[in-house]
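Engineer: Have a look at the structure that comes next, please.
What follows draws every value from the coordinates through simple rules; no lab data is involved. Worth saying up front: this structure is predicted, and the values here are computed from it rather than measured. With ideal geometry, Cβ positions are generated from the backbone for all residues, glycine too; neighbour counts draw on all protein chains shown.
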Amino acid sequence: MTEINEPTIQRACHGDPRAFAEVYNAFVALVFSVAFRISNVREDAEEITQEVFVNLFRKFSQFSFLSSLKTWIYRIAVNTALNARRTNVREAAKRVLAQQSLLLAQAPPQPDEIIQSEVEVQELLSRLPVEQRVCIVLRNIEGLSYQEIAETLQINLNTVRSRLKRAREALLAWKQGGEE
Amino acid sequence: MKCEECRDLVLTDFLDGELSEDRRVELLSHIGSCEACRKHLENSKRTLVEPFENLQRPKVFPRLWERIAGELEIDPAPGSSAPESVHSGKPGQMRFFLLSWVVLILVVVTTIVVFSRFSCIPPSSRLAGPLVSRAPPTSVVENLIATCRRDTLLEKSLKESLNFGTNFESIFLPAELFPIVRLSK
């Protein structure tokens with residue numbers, strides 16, 4: 001991810017399209033990844049990413065510099081994805097299987113272990129309630145620390161720890177149940 | 001450390017690298033002496049960590065930015081140079097363009113000058129003295145006449161190409177080239 005310096009952020013806050021394009025280039029992969037892992041549907045992830053950046057451009061002046069820009073964008077991305085998921089959840093359930101096969105079909109040739117990981121992660125995430133799923137995405141995929149997850153979701157550290165523990169217990173139980 | 005505490009820590013702070021060094025040493029010491037907790041750790045790594053290690057971020061298509069820029073009504077390519085054209089191109093392209101025009105203009109001007117000099121030469125034998133003196137035959141024309149005299153085929157060809165069957169052209173062209181016209185008058 002490209003680092004964005006403060007003058008660029010200031011210019012983006014004042015509506016400079018060039019600065020905003022730099023912010024987009026720096027954070028789009030992050031936003032799209034979070035959106036895709038929460039929604040599990042590529043088209044939904046594109047719509048969520050679009051909504052995130054449109055809102056970001058219009059509300060950039062509200063960025064207070066009290067938290068990092070990355071944390072602020074993560075927060076907007078997670079909230080937007082959760083809102084979209086609430087409205088799209090029924091449609092998403094219908095589309096998810098077709099989406100998985102389409103995703104694999106469209107992907108460039110990849111080693112088997114990468115394809116296997118993609119399938120396995122989608123399977124694991126689909127087993128979790130959404131608040132646990134978000135914590136796993138931010139920790140295991142995005143690599144955020146407990147403190148960063150707490151700031152992004154505006155919850156305390158023990159809640160982060162608790163959600164991760166319950167999510168992992170559930171996944172272990174599901175996996176062991178499948179193997180037995 | 002009890003097994004329950006060890007297993008909770010394995011699922012959270014230990015797997016995520018959030019455990020302090022003292023607690024980490026304590027946990028590893030317990031795992032070294034507890035077969036069940038060791039298996040729990042191995043199983044947790046295999047199930048909860050390894051699948052995420054080979055994961056790649058999904059590809060973002062460029063069309064997404066175009067859609068966002070379109071909705072915001074901003075330039076989708078701010079800061080990038082305009083499409084290259086002759087007028088907004090690089091300095092080298094501009095120099096080549098100007099040089100081409102200069103060469104073209106020189107060729108056109110030279111052609112006009114040469115044609116005008118050939119076509120405006122007054123026939124010295126027909127025109128009055130003052131006019132002859134103002135526009136004397138050039139050395140080029142003299143050379144041409146001399147060449148024609150030496151080469152009868154060239155003389156014939158030149159007469160045919162310049163004579164349209166009237167007396168009019170004999171007014172403007174050297175009398176040496178039109179003995180027939182001159183004699184017929």
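Engineer: Equivalent-ellipsoid semi-axes (√(5λ), Cα gyration tensor) for segment A:6-175, whole Å, largest first?
Structural biologist: Equivalent-ellipsoid dimensions as semi-axes: 28, 20, 14 Å.
Engineer: If the cut-off is a Cα-Cα distance under 15 Å, which aspartates and glutamates reach B:Lys156, setting aside same-chain residues fewer than 8 apart in sequence?
Structural biologist: Result set, ordered by chain and number: B:Glu176.
Engineer: Using 24 Å as the Cα-Cα cut-off, could you pick out the over-long pairs in A:Lys165/B:Lys59; A:Lys70/B:Lys59; A:Lys165/B:Lys39; B:Lys2/B:Lys39; A:Lys165/B:Lys2?
Structural biologist: Cα-Cα > 24 Å for A:Lys165/B:Lys59; rest within.
Engineer: What nm distance separates the two modelled labels at A:Asn83 and A:Arg18, each placed 7 Å from Cα along Cα→Cβ?
Structural biologist: 3.2
Engineer: Based on the Cβ-Cβ distance of A:Arg58 and B:Arg57, what FRET efficiency does E = 1/(1 + (r/R0)^6) give at R0 = 22 Å, to the nearest 0.05?
Structural biologist: 0.25
Engineer: For peptide B:9-15, compute the average count of partner chain beta-carbon atoms within 10 Å of each residue's beta-carbon.
Structural biologist: The per-residue average across the peptide is 4.
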